[in-house]
Amino acid sequence: MKRRTALYWLIGIAIAATAIAVSFHFDDNVRQFMMQQQAPAMRNFMRYVSLLGDWPLHATVGLGLLGLAWRRGSEQWTRIFLAMLLAMLLAGVADAVIKRAIPRARPSVQTDTRWGGPRFSSKYHSFPSGHVGASTAFFGVLLIARRRVGLACLPIPILIGFSRMYLGAHYLSDVVCAAALGTLCAVLVAYFLLLPTNNRQLKFEE
């Protein structure tokens, strides 16, 4: 079992590393494609997607569902919604630390990347995407715990990532790295919070 778990981790790391490397290579191509597809109606729609895709709405929905599950006495769903919120929180903290360590300018900013310290301008808050990291961590836990429901919600973080690139707020690599970070946070939180401590092999319903 330990060897199988280690193999899964190695495969996951290899896939994530490959996706991240490829995303950096196609940053400029995707950015140019997004610039060529600009339209007023689409930009307005993507602004709403980004606004609704930020962490406050996720937190509000998660807290509401958590309260509902707790009130109805569903221990399993209470743990799932709590894990979703904690995974999002973990992703947010990791995102803030990385952004302050790597002050990468947004695609829409015409300037050189520089070290800005703990108070550098928000125009350098590009790597990784906080929207995508939070949403991926949030729904990633749901995907682990309830596969069918999680798959149905999977288009949400994907659309959010597309909106951030379309609006010129992030590069493709910002989105891909944020998705990898959110997935890692979801797996870690689900492992320690949702799986029983005796064997870590809780059989989630599908």
Sticking with the crude label model, points 7 Å out along Cα→Cβ, report the distance from Tyr48 to Gln76 in nm, one decimal please. 3.6
Two decimals, Cα atoms only, Kirkwood Rh: what is Rg/Rh over the stretch 1-65? 1.19
Mind checking the stretch 1-88 for trypsin sites (Lys or Arg not before Pro) that DSSP puts in a loop (not H, G, I, E or B) and that have at most 10 other Cβ atoms within 10 Å? Arg72
Quick one: net charge of Gly168's neighbours, Cβ under 9 Å, K/R +1, D/E -1? +3
Using a/c under 1.5 as the rounded threshold, could you call the stretch 1-110 rounded, prolate or oblate? The axes a ≥ b ≥ c are square roots of the C-alpha gyration tensor eigenvalues, and prolate needs a/b larger than b/c, oblate otherwise. oblate
In degrees from 0 to 90, rounded to the nearest 10, what is the angle of the helix 155-166 Cα long axis to the longest principal axis of the chain? 10
Trp70, Trp55, Trp9 arranged by Cβ crowding within 10 Å, fewest neighbours leading: Trp9, Trp70, Trp55
With θ set to phi - 60°, apply the Karplus curve 6.51 cos²θ - 1.76 cosθ + 1.60 along the stretch 170-182 and write out the HN-Hα couplings as whole Hz, x wherever there is a Gly or Pro. 8, 7, 4, 5, 4, 6, 5, 5, 5, 5, 5, 5, x
Distance in nm between pseudo-label sites at Ala39 and Leu68 (7 Å out along the Cβ direction from Cα): 3.4
P(r) for the chain, please, calculated from all Cα pair distances in 10 Å bins and given in %. 9, 32, 34, 19, 7, 0
Note the full-extension length gain between Arg100 and Val61 as 0.36 nm times their separation in residues minus their Cα-Cα distance, in nm to one decimal. 11.2 nm
Computed ³J(HN,Hα) along the stretch 16-26: with the Karplus parameters 6.51/-1.76/1.60, θ = phi - 60°, integer Hz and x for glycine or proline, the list is 5, 5, 5, 4, 5, 4, 5, 5, 4, 5, 9
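None of the figures in this text is laboratory data; all of them are computed from the coordinates on show. As the structure is a computational prediction, the values presented were derived from the model and not from experiment. Quick reminder, even Gly has a Cβ in these numbers, built from the backbone with ideal geometry, and neighbours come from all protein chains shown.
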